[in-house]
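A quick write-up on the structure given underneath.
The values are calculated or read from the model by the stated rules, or taken from the named source; none is laboratory data. Because the structure is predicted, anything quoted here is derived from the model rather than measured. Cβ placement follows ideal geometry from the backbone for every residue including glycine, while neighbour counts extend to all protein chains displayed. Accessible surface is based on the protein model in full, side chains and every heavy atom, while ligands, DNA and RNA are left aside. Shrake-Rupley method; radii C 1.70, N 1.55, O 1.52, S 1.80 Å.
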4 protein chains.
Amino acid sequence: MQAARLHEYTDDMTEGLAIDNVNRPEVTGGSDVIVEVEGAGWCQTDNHIIEGMWTEYVPQDLPLTLGHENAGTVVETGDGVDIVSEGDPVICHPVQTCGTCRPCRLGETMYCENDAFNGLTTDGGFAEYLHTSERSVIPLPSDVEPIDIAPHADAGITAYHAVKKAAAELNPGDHAVVVGVGGLGHIGLQCLSAMSAARITAVDLKESALDLATGYGADHVVNPSEDDVRAEIDGITDGTGAAQVLDFVGEDVTTAYAPDITAAGGDHHIIGYGGHIHEPAQALVNGEFSFVGNIVGRYAELQELVALVEQGDVDLHTSRYDLGDVNTVAEKLEHGEIDGRAVITP
Amino acid sequence: MQAARLHEYTDDMTEGLAIDNVNRPEVTGGSDVIVEVEGAGWCQTDNHIIEGMWTEYVPQDLPLTLGHENAGTVVETGDGVDIVSEGDPVICHPVQTCGTCRPCRLGETMYCENDAFNGLTTDGGFAEYLHTSERSVIPLPSDVEPIDIAPHADAGITAYHAVKKAAAELNPGDHAVVVGVGGLGHIGLQCLSAMSAARITAVDLKESALDLATGYGADHVVNPSEDDVRAEIDGITDGTGAAQVLDFVGEDVTTAYAPDITAAGGDHHIIGYGGHIHEPAQALVNGEFSFVGNIVGRYAELQELVALVEQGDVDLHTSRYDLGDVNTVAEKLEHGEIDGRAVITP
Amino acid sequence: MQAARLHEYTDDMTEGLAIDNVNRPEVTGGSDVIVEVEGAGWCQTDNHIIEGMWTEYVPQDLPLTLGHENAGTVVETGDGVDIVSEGDPVICHPVQTCGTCRPCRLGETMYCENDAFNGLTTDGGFAEYLHTSERSVIPLPSDVEPIDIAPHADAGITAYHAVKKAAAELNPGDHAVVVGVGGLGHIGLQCLSAMSAARITAVDLKESALDLATGYGADHVVNPSEDDVRAEIDGITDGTGAAQVLDFVGEDVTTAYAPDITAAGGDHHIIGYGGHIHEPAQALVNGEFSFVGNIVGRYAELQELVALVEQGDVDLHTSRYDLGDVNTVAEKLEHGEIDGRAVITP
Amino acid sequence: MQAARLHEYTDDMTEGLAIDNVNRPEVTGGSDVIVEVEGAGWCQTDNHIIEGMWTEYVPQDLPLTLGHENAGTVVETGDGVDIVSEGDPVICHPVQTCGTCRPCRLGETMYCENDAFNGLTTDGGFAEYLHTSERSVIPLPSDVEPIDIAPHADAGITAYHAVKKAAAELNPGDHAVVVGVGGLGHIGLQCLSAMSAARITAVDLKESALDLATGYGADHVVNPSEDDVRAEIDGITDGTGAAQVLDFVGEDVTTAYAPDITAAGGDHHIIGYGGHIHEPAQALVNGEFSFVGNIVGRYAELQELVALVEQGDVDLHTSRYDLGDVNTVAEKLEHGEIDGRAVITP
Ligand SMILES: [Zn+2]
Ligand SMILES: [Zn+2]
Ligand SMILES: [Zn+2]
Ligand SMILES: [Zn+2]
Ligand SMILES: [Zn+2]
Ligand SMILES: [Zn+2]
Ligand SMILES: [Zn+2]
Ligand SMILES: [Zn+2]
Ligand SMILES: [Zn+2]
Ligand SMILES: [Zn+2]
């Protein structure tokens, strides 16, 4: 089968991946599931992996088939598999877990001590077939197409995971800020609208993104190229600040908003991760705010997001590309030229 | 009456405060309470105030009587005061609150929108008498001496407040790390022992502090001058990391422990605040840990801490000084020469 | 001024209250607030008070002016009052609290140890003027009329309070059941829609109530006179049961649904209170569900509900009556002939 | 091998079980684990099963080997088993779970949709060998003997599970009541002491149980045969009531304490289950307390309890009996003649 693989780290996105001919994966264990990939979302993280930005954090053997946002149809299952069978449409949680370590027992599957991450530490879904397990697939409702939902496997649950934490802290009358209404942010904004009654302000440099935000339930929008974000939030919140800030950008300039726009006792959620946090400890003490790290959502959260999608609470804006176009997609994303989420259709 | 007042910011602790003769405060409003100060704890924050380190964060008019950790005996009350009367021994929460703003309504008295902070934004307790209100005093149990409990008014509830948040996240079998077993840390360690069944590792550069920690319930101790903190925590926790880290130091070197010693999903609590946080956003994403800011505990938490003290769960190690010795105390603290907590006895 | 007062407990609603001439209340304490009542909601609880059903639970001196759901305009304030002044439109939380007991410090104002409850333990708002305090009034947004919002002072926050607890436990994909879509239930249903993404089933004997429920966001409706509630919920939830049940009826027949329709780990909230709970302890053990008591919401929750009303998230269906019509209203309510919420306009 | 089996429901405990010769269980699936039983706790629930009291709640085929509190040594494992191997000492969680249903994904293993319960719905451990799975065994620390820890597999985690919920709601200064200091209660009391700083009152009819309670950290004890429980709790808590009540008895007389001894906002936990709850809905509304159901603790909670045992925080008082003595044990328990927990040693 054909697979888009990384052979060498590079900053040149035009030649990041190669289309290789490799063996089709097969069932070898009782809980194995083989999925014919119909859609595989391309993600900013894929660019970061190509650049070698994850080598410091996880073990990685090259060549590696990238692609961690996968959905498709089950074509083969191990003999111990109960929850899906051949022909079932599924979305694939990117992490394959053991089920028996302490984190798995707690339902905190993202902390599994024996995990493999599709397209990051094991072969992913920029290929015709994906090798995964019963522990990582979720059957799709009948009216949801794999190709339309694929990016939710990572972009979606990452946004959902952070929003779920934020929503738990938000009361009616409180304010939330969504920084960055791009691939993740536009999902997060919709989840926040569905799951809380807080007032929402969206911050983005693009007017088109802010228009989208208004359509998805933002009560206020701020464009940092035109207005001072700190002053705007101060005005909107009557000096109190935002109880929850969801930073889908994570650059130095956005993490630096925290002490000025976050309410006392509030959280600045780090979801995007291009930059750094630089802050005096005293700022966190005086304002009693937190920088809250957010990893990909857990398996059960992907079930919850699928429920939101099924209910019509979350739209996903996508554009489709052939497997052979992966480097074009990477290059376009680098220059902000992808409209919505790019989905590879192997 | 005599009061130790700050007239000018300075880095020279030998001449920080002057002993002035000022008018004794009097009741002017219905909820006013005048307390004859018996004990007033001296705090690292007093040194920071003298250095001008708080001018950026709060409004401050000089001259100002410092002293925010006060306890004593009620000598006069406004006619609307119900909960105390003349002769009652009390501990004074450092923050005087309005009771009617939204944070006060929620019990989050530290976020009061109309507050005054003893010894920081209004005159404090390094003086014979303190002007405070019914909203800020807590009657003491009969067997607790004001002079012995005074530092709990800030040092105590700051430690308690952070520990309460940490304890809520700790299960038996989990690990917690207490960084710094000084004035706040030794209180925090005892609260943690009383309020959770987690295993505790104490980290300090002084062997005497580590001995104290062992006596107060630490299961392990680590001296960074002898052993590598990261490796030790890794070994003690079997590679998982500590679910909760309480950083009573807050220097660059201690905040930098976070990504290496904090378990996935865990918190690094910022309580001490001399230094900075410098961390790539990606570290918080990959490890899903948070930097959690911690301000002084709220009024109801001081009630809870008084209950712990009454039960004998929290010892406080103090040494006593005359009002005229304030600059000596400041200077000694700067050089780490104060044994336990210094209490001024005006 | 005129006031509708209870002189004697009776089961005959046609003669429950008398219209008396009494003195207009005046400011006597620094935090007093006198409100000219514009709207005062009539509540099932008023009927219960007339019947003497609350004498076992609270102290009550007759004659007593009833009316605990009040809104109007401030006409006089004590000299310590900061948050409102003459001419301000306000809604009145029914409980007047002390602000200094432990529950008040925690923000749990409904548990105040020194409280008075309008129209239940002290004179209420079925009168031209109401004596209350700064601790119990909330200024209204400019576009909200006192007469339209009055019933939220009790009916609204009681529903909101229970829904807030329920919403905190509900994830997307979970199911909630609202039993009884009357005065409280129709508010609770709207709050639930605004604050969670759960699927909602409404249960009521009236088709008109079920139609209303559908308009307010119910995904399913069940009429117990036509279908078996247990079987319907079982089918709708695929055998799992409802994670949260909000019982606005509280009769024997509805509390008995709990073991059969509540999911493992779920809650059956008791809000209505005409009947009893009769259940073997083993049922609660086997199904691990809880019967959760719900009192009127606290002050801060009324602020949150006012925010929901201001945002347009909660409609209130009312009909208006003169002060002289109180007994007619009581009698009509007894026979289920009140459409929406009756508001007395003194 | 020999197994103690139930052939027919009966109220006569002298002939409840028969010692039968049956086939030794063998590994048939990849995750199977066969344990040689060293200790199997006898539980009040075993008497209830013999009486047929569980037929209404779970499917049960006779003959059935009882015994759900098992520990021993692994003698055989399926080829997919990673976490234990032959020779490992283990404690067996009584529930065998699927690992892939929604509750299992959430870590709520007690709500598994495809579970089997040792000694209740599948053969248990009153036998020489037990057939279980990798999902249900926990390796023991080297210094813990299987025979000493066996009852924790049910009695222990049931007590722990309820206490964990209660401890999460308890602050220093709050009061908790433990009703019944028997097999479960004496474990619960120790867990509560280790996990919270609340003040504890123990209630029991036996003076020996109350003496034990004092040794395990109870601050007060009340014997209902001598003193009025309601009046005592009122006095001890200064009229506030107990924030958390742990009812390990669950008889009509103990569930009826709830409205009088539970603080506003508090919980009456149902753990024991002989009797009924009979309460007007209005009592739950007025006092805003809850009746909280409690099932057996989940797998991860048994890990936490094993940690408490390893730390020396929880003693277990046991007496040992041969497999042939099962009916003697049942009969003695019926008459309150078992001292501590009876452990069968097959
Ligand atoms: Zn991605
Ligand atoms: Zn795992
Ligand atoms: Zn201090
Ligand atoms: Zn305030
Ligand atoms: Zn830096
Ligand atoms: Zn009402
Ligand atoms: Zn109060
Ligand atoms: Zn009954
Ligand atoms: Zn048992
Ligand atoms: Zn399961």
Exercise. Name the residue, out of B:V285, B:V245, B:V306, B:V326, that is within 24 Å of the chain's Cα centre (by Cα), assigned by TED's automatic domain parsing to the domain that holds B:H186 and of a type in the set (A, V, I, L, M).
Key: B:V245
Exercise. Identify, by number, the condition in (1) under 28 Å from B:I270 (Cα atoms); (2) within 9 Å of another protein chain (Cβ to nearest Cβ); (3) open to solvent by less than 10 Å² (accessible area, probe 1.4 Å) that A:L308 doesn't meet.
Key: (1)
Quiz item: Could you count how many residues in the range B:16-28 are modelled with pLDDT of 95 or more and surrounded by fewer than 14 Cβ atoms within 10 Å (Cβ to Cβ)?
Solution: 3
Quiz item: Taking only pairs six or more apart or across chains, which ones have beta-carbon atoms under 7 Å, a first residue in the range B:23-50 that is within 15 Å of B:T132 (Cβ to Cβ), and a second residue that is buried (at least 24 other Cβ atoms within 10 Å of the Cβ) and among the charged types (D, E, K, R)?
Solution: B:A40/B:E69
Self-check item: The lone exception for C:T55 - which of (1) at pLDDT 95 or above; (2) under 30 Å from C:E337 (Cβ atoms); (3) among the hydroxyl-bearing types (S, T, Y) it fails
Solution: (1)
Quiz item: Assuming A:A300 fulfils every condition listed in (1) closer than 14 Å to A:G180 by Cβ; (2) within 16 Å of ligand 10 (Cβ to nearest atom) apart from one, which condition is it?
Solution: (1)
Practice problem: Please tell me if C:A342 is away from every other protein chain (no Cβ under 13 Å), open to solvent by less than 10 Å² (accessible area, probe 1.4 Å), touching a residue at least 24 places away in the same chain (Cβ under 8 Å) and touching a helix residue (DSSP H, G or I) at 6+ places or on another chain (Cβ under 6 Å). | Solution: yes
Quiz item: In this structure, does C:A231 turn out to be small (G, A, S), buried (at least 20 other Cβ atoms within 10 Å of the Cβ) and in the same structural domain as C:N286 (by TED's automatic domain parsing)?
Solution: no
Exercise. Restricting attention to the range D:174-191, report how many residues are assigned to a helix (DSSP H, G or I) and touching a strand residue (DSSP E or B) at 6+ places or on another chain (Cβ under 6 Å).
Key: 3
Exercise. For residues that are buried (at least 19 other Cβ atoms within 10 Å of the Cβ) and more than 17 Å from the chain's Cα centre (by Cα), tally how many sit in the range B:250-274.
Key: 13
Practice problem: Go through the range A:187-206 and give me each residue that's more than 19 Å from A:V229 (Cα to Cα) and more than 10 Å from chain C (Cβ to nearest Cβ). | Solution: A:I187, A:G188, A:Q190, A:L192
Exercise. Considering every residue within the range C:30-46, establish whether at least one is at pLDDT below 95, in the same structural domain as C:V329 (by TED's automatic domain parsing), more than 29 Å from B:A300 (Cα to Cα) and open to solvent by 20 Å² or more (accessible area, probe 1.4 Å).
Key: yes
Quiz item: Is it the case that some residue within the range B:325-334 is at the interface with another protein chain (Cβ under 7 Å from one of its Cβ atoms) and either part of a helix (DSSP H, G or I) or among the acidic types (D, E) (or both)?
Solution: no
Quiz item: How many residues are in a loop (DSSP other than H, G, I, E, B), more than 7 Å from every other protein chain (Cβ to nearest Cβ) and either within 28 Å of A:F117 (Cα to Cα) or open to solvent by less than 10 Å² (accessible area, probe 1.4 Å) (or both) if we restrict to the range B:283-297?
Solution: 1
Quiz item: Can you name the residue in the range D:50-67 that is within 14 Å of another protein chain (Cβ to nearest Cβ) and closer than 25 Å to D:R24 by Cβ and is also least open to solvent (accessible area, probe 1.4 Å) among such residues?
Solution: D:Q60
